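Report on the following structure.
The values are calculated or read from the model by the stated rules, or taken from the named source; none is laboratory data. All figures in this text were calculated on a predicted structure; none of them were measured in a lab. Note that we place each Cβ from the backbone using ideal geometry, even for glycine, and neighbour counts take in every protein chain shown.
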Amino acid sequence: MDYTAKSIRSNLTGSQVLDIRRLLTEGFNDRQLAKKYSVSRKAIYDIDRRRTWKEVRHPTTVAGFRGYQVYPDGRVFSVTKGVFLAQAKRALGPVVKLTNSRGYRKVVPVSALLNSAFG
């Protein structure tokens, strides 16, 4: 699924749907999110209940990197800091700097994280 493209009949992208789900878990209500994304409260409710956008997968953690969530669209979220990590451009694609379970900082290709998390 292309998380950056809008569906023909939709006002949202897959990345925005992931953000809506994350913000709902952080305590935002449907009225705030409906206003922010210019959709109805029912649309937010349906996204939350997975009546719509069922094909958008949940972010997941990768073995060896606690405290990080990998989103299917390639973004990496630091749970401890509460922010998405910046991606550096490299010859083989974007990379992120993560701290592994042992406390060592590593530069990890985003493609490797996606393959490990989503197959």
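Applying the set (1) aromatic (Phe, Trp, Tyr); (2) touching a residue at least 12 places away in the same chain (Cβ under 8 Å); (3) not assigned by TED's automatic domain parsing to the domain that holds SER10 to PHE84 leaves exactly one unmet item: (2). Just one of the listed residues (THR52, THR80) is touching a Gly at 6+ places or on another chain (Cβ under 6 Å) and in a loop (DSSP other than H, G, I, E, B), and it is THR80. In the range 44-52 there is at least one residue that is surrounded by 19 or more Cβ atoms within 10 Å (Cβ to Cβ) and within 15 Å of the chain's Cα centre (by Cα).
Taken as a whole, the condition of being closer than 19 Å to LEU12 by Cβ and either loosely packed, with under 12 Cβ neighbours inside 10 Å or not assigned by TED's automatic domain parsing to the domain that holds THR13 (or both) does not apply to ARG102. Among the residues making up the range 14-39, a single one is modelled with pLDDT under 90 and of a type in the set (S, T, N, Q): SER15. Here ARG102 fits the description: in a loop (DSSP other than H, G, I, E, B) and either charged (D, E, K, R) or touching a residue at least 12 places away in the same chain (Cβ under 8 Å) (or both). Please list, ordered by first then second residue, the pairs with beta carbon atoms under 6 Å, 6 or more apart or interchain, first in the range 29-54 and under 14 Å from GLN16 (Cα atoms) and in contact (Cβ under 8 Å) with a residue 40 or more places away in the chain, second of a type in the set (A, V, I, L, M, F, W, C) and not in a loop (DSSP other than H, G, I, E, B). Every condition considered, the pairs that remain are TRP53/VAL17; TRP53/ILE47.
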